[in-house]
1. For the Cα atoms of the chain, what angle does the longest principal axis make with the long axis of helix 13-25, in degrees from 0 to 90, nearest 10?
2. Tell me, what is the FRET efficiency for Thr144 and Arg74 to the nearest 0.05, using R0 = 22 angstrom and their Cβ-Cβ distance as r?
3. Before rounding to the nearest 500, sum -39500 (n - 2.57) across all DSSP H runs of length at least 4 in the chain and divide by the residue total; then give [θ] at 222 nm in deg cm²/dmol.
4. Under 10 Å, Cα contacts only: if you run a Gaussian network model on the chain, which one of Val217, Val120, Val198 comes out with the highest mean-square fluctuation?
5. Work out the FRET efficiency for Gln60 and Val212 from their Cβ-Cβ distance, taking R0 = 45 Å, and round it to the nearest 0.05.
6. With unit charges on the beta carbons (Lys and Arg positive, Asp and Glu negative) and the dipole taken about the Cα centre of segment 127-224, which residue among Thr159, His199, Leu181 sits farthest to the positive side?
7. Given R₀ = 22 Å, what would the calculated FRET efficiency be for Gln229 paired with Lys183, taking r from the Cβ atoms and rounding to 0.05?
8. Can you compute the charge dipole magnitude of segment 127-224 about its Cα centre, using +1 on each Lys and Arg Cβ and -1 on each Asp and Glu Cβ, nothing else charged? Give it in debye, rounded to the nearest 20.
Amino acid sequence: MKSPRVLIVEDEPAIAELIAVNLRHNGFQPIWAEDGDAAQRELDAVLPDAILLDWMLPGQSGITLARKWRADARTKLVPILMLTARGDEPDKVQGLDAGADDYITKPFSTQELLARIRAVLRRRAPEQVNDSVSIGELVLDGATYRVNYQSQLLKIGPTEFKLLHYLMKHPERVHSRAQLLDKIWGDHVFIEERTVDVHVKRLREALGAASVMLETVRGAGYRMTSQPQQPLSSAA
């Protein structure tokens, strides 16, 4: 089994070297890039299995790079973990909104870093989403990774795809944030429940007119329903 490639995008050589040494000792293959341009060259050459992306970089910021790579069909499925000294919740949410799968606040322990990398690699594994499911005119095809509503193809990110798949497989049931974390993210103890809200917001935006099928049940969680409270065919 090949060692997972991890692209480290970090402008401080001492931090990058410390991360690289620890990754190498734990079975990963680290590649270092000191800024966005160098990182892009590495991505153009060989896609990594995950990206460790520093928030503060010379030139393009980590947030800008995350948005850019999420918008590119070739890199949009590569897990991104933001490395940041910014621990405030609005900053964390901004990182997640930009497309990061997780964030790590400096200073961090080696064990936490390794656990989070392994978790995003587990999450990316496609074994649990390979069938098709539909609710009304909303159709999800796990084999081709496509979602259609009223025969229109929707653009949905990888985490939102898994979230939608799970909710559609268990329609009309209310799922708490904790349940969704367990089912979508697995046993990754570092993820906060607020993360679920960020991905639900992203999923609603991607669903467009079908977003009314994804209901918030106040104080309880979220539900996918074929009988939304609002009409699906409202006037534009």
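What follows is calculated from the coordinates using simple rules that are stated; it is not laboratory data. Here the structure is a predicted model, which means the values were calculated and not measured. A quick note on method: Cβ atoms are made from the backbone with ideal geometry, for glycine too, and the neighbour counts reach across all protein chains shown.
1. The angle comes out near 70 degrees.
2. In this case the efficiency is close to 0.80.
3. My calculation for the chain gives -11000 deg cm²/dmol from helical runs alone.
4. For the chain, modelled as a Gaussian network with Cα springs under 10 Å, the answer is Val217.
5. 0.75
6. Towards the positive end, the residue furthest out is His199.
7. Plugging the Cβ-Cβ distance into 1/(1 + (r/R0)^6) gives 0.35.
8. With Lys and Arg at +1 and Asp and Glu at -1, about 220 debye.
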